[in-house]
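Notes follow the structure.
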Amino acid sequence: MANEIWTIKRCLEWTKEYLAERGEEHPRLSAEWLLCAATGLARIDLYMRMDETLNADQLETMHAAVVRRAKGEPLQYITGSTQFRMIDVACAPGVLIPRPETEMLVEEVLNYLDAEVLSPEAAARQRVELPWNDEVERARKAEAALADERATAERRAANLTAADEAALGSDVLGSRAYAEELADREAEEAVAQAVEAEAAEAAEPDLDGYGIAIEGADQQTTPAQDAAAPAPAEPRTARVLEVGCGTGCISLSLAWERRGHVTCTATDIEPRAINLATKNRDALGLTADEVAFSLTNLVSSVPREEWGTFDVLVSNPPYIPTDVMRSLPHEVKDFEPDLALEGGADGLDIFRRLLNAAPYMLRAGGLFACELYEGALDAAAELCRQAGLSDVRIVHDLTDRPRIVRAIVTEPKQRQ
């Protein structure tokens, strides 16, 4: 057999059959992963180079990998990496393997940050209200009302009821010349009225995206007015605290996908996790100022002066109930670390400690978000409500199972 020629095609087919005989659920996919790792080729390249021969080192690597996989060891440990959202993450025994569900946890955090912390609209909500903001709002409402009037005129002219419109679809609207003519005439009259109203008032200043007057625009202001107008609020850097970072995939994704706008502090009690997360950070070219990893128990290492300064506390804590641990698949139960999996009798042991810490770590309006066992979400949500958090929500994963609880800290606490 040593003298036989092993092409990529032959090795792929042989590995697929070998793993299938040993109960592998997706033997061809596993064979592809292992071959990619052994050859350094992308998956698509395997099929472009099927007739190429594997060298001795590649065959040796492939043989060792197939033996490990046949015993049930996770592919991510064998190949040494996995993909998580937009980044590649190194994996190693002793550290929990990232899951697709956790990608959704990152998405929830990003949605919150984009809406409440990073966007110009979020900054604008915190600005001092200026006299002309009401005028801008009235203009917006008038524009919306005008659009409604036009649609109503079209329906009336076409002698259609709302029910008719829903049944026939949008193509009916505007299809009759008289409807168009009437709607345009009413629109022109409304515009004329708006022009007359505008002429009766002083010219409004040109505004930037924050509702602030643009310097140099054609409006007259007194020195007192200039002094009173605040500068536009700049979007600030968001601060995220992650507990139980594992490979670092959550914090690294947040910092990578919003680079320059998000900084993360991430903790873990497992030294192998901190070492691996640091390796992943360095591979991405991120700095310790962007993502800082700390070996500690939960939030113990967070300096007292940083309490109450975080916008988000996020975690994928150990959450498998003790009784469920025994029924986990072989490749999870016998290879991944119990420390990162088991969450006590109801799966909420660590969650309760995080919930207790959240009001001390987060600012007012900060987000608390955790991935949890599907059978524990209702109980977790109720615990959040009992703790005084608001806007408590349960988010379902891609298989429609409850997976994430998220809530807002409205009343931060200070420990005496």
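The values are calculated or read from the model by the stated rules, or taken from the named source; none is laboratory data. Fair warning: this is a prediction, and the values are worked out from it, not measured in the lab. Ideal geometry is used to build each Cβ from the backbone, glycine not excepted, and the neighbour counts take in all protein chains shown. Surface areas here come from the heavy atoms of the whole protein model, side chains and all, with no ligands, DNA or RNA. Shrake-Rupley method; radii C 1.70, N 1.55, O 1.52, S 1.80 Å.
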*Summed side-chain charge close to ALA31 - residues other than ALA31 whose Cβ falls under 13 Å, Lys, Arg +1, Asp, Glu -1*: +1
*Per residue accessible area of the stretch 8-71, 1.4 Å probe, in Å²*: 61 Å²
_Inter-part distance where the stretch 357-396 and the stretch 67-107 are each reduced to a Cα centre, Å_ = 27 Å
*Top to bottom by accessible area (1.4 Å), largest first, where do TRP6, TRP307 land?*
TRP307, TRP6
*Length-normalised contact order of the stretch 8-71 in % [C-alpha pairs under 8 Å, at least 6 apart]*: 39 percent
_Please list, by residue number, everything in the stretch 354-396 whose backbone N is under 17 Å from a paramagnetic label point 7 Å out along Cα→Cβ of ASP323._
373-380
*From the C-alpha gyration tensor of the stretch 8-71, square roots of 5λ in Å*: 18, 13, 10
*Determine the order of ILE44, ILE320, ILE404 by accessible area, beginning with the largest, at a probe radius of 1.4 Å.*
ILE44, ILE320, ILE404
*Taking the Cα-to-Cβ direction at VAL332 and at ARG415 and moving 7 Å from each Cα, how far apart do the two end points lie in nm?*
3.3 nm
*For the stretch 270-389, just run the numbers: alpha carbon Rg, then divide by 2.2 N^0.38 Å, N being how many residues it has.*
1.18
_Tell me the carbon and sulfur percent of the accessible area for the stretch 8-71, rounded to whole percent, probe radius 1.4 Å._
52 percent
*Going down the list LYS16/LYS333; LYS9/LYS71; LYS9/LYS333, which pairs span over 26 Å between their C-alpha atoms?*
LYS9/LYS333
*For the stretch 240-323, give the percent of accessible area contributed by carbon and sulfur heavy atoms, probe 1.4 Å, rounded to a whole number.*
51 percent
